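A.B. asks: Handing you this structure, nothing more for now.
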Amino acid sequence: METLLALNGVEGAKKWIKKRNSPKKFKNKLVIFLPFLYLEYFLLEILPYHLKMDDEIKPFDMEKVYKFIYKEED
């Protein structure tokens, strides 16, 4: 869940992830849990858009999330 919050630029999610994961560990988690992330993305972004509950669908870009969280450490 925190990954999707980071996808939307939430600073609290960024801090939470950095506190609990190293960059390598976080990348591994992204790969392992990718199917679940897609499911959450569908339920929280795509479905509400098609039900006319949201005006736009935010793109699903894991590289963007990783850079948002660890950009100053690379």
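A.B. asks: Looking at segment 29-74, which of the residues that are of a type in the set (K, R) and out of contact with any Leu (no Cβ under 8 Å at 6 or more places or on another chain) is farthest from A6 (Cα to Cα)?
C.D. replies: Of everything passing the filter in segment 29-74, K52 is farthest from A6 (Cα to Cα).
A.B. asks: Does any residue of segment 13-35 turn out to be surrounded by fewer than 16 Cβ atoms within 10 Å (Cβ to Cβ) and under 21 Å from E56 (Cα atoms)?
C.D. replies: Among the residues of segment 13-35, not one is surrounded by fewer than 16 Cβ atoms within 10 Å (Cβ to Cβ) and under 21 Å from E56 (Cα atoms), which makes the answer no.
A.B. asks: Follow-up question, since we're still on this one. Mind listing whichever residues of segment 54-74 are under 15 Å from K18 (Cβ atoms) and either free of Cβ contacts under 8 Å to residues at least 24 places away in the same chain or outside any helix (DSSP H, G or I) (or both)?
C.D. replies: Residues satisfying the conditions are K67, K71, E72, D74.
A.B. asks: So which residues in segment 32-53 are touching a helix residue (DSSP H, G or I) at 6+ places or on another chain (Cβ under 9 Å) and part of a helix (DSSP H, G or I)?
C.D. replies: L34, L37, E40, Y41, L44, E45
Since every read-out is calculated from the coordinates, none of them should be taken as a lab result. Since we're looking at a predicted model, the values are computed, not measured. Every residue, glycine among them, receives a Cβ derived from its backbone with ideal geometry; neighbour counts consider all protein chains shown.
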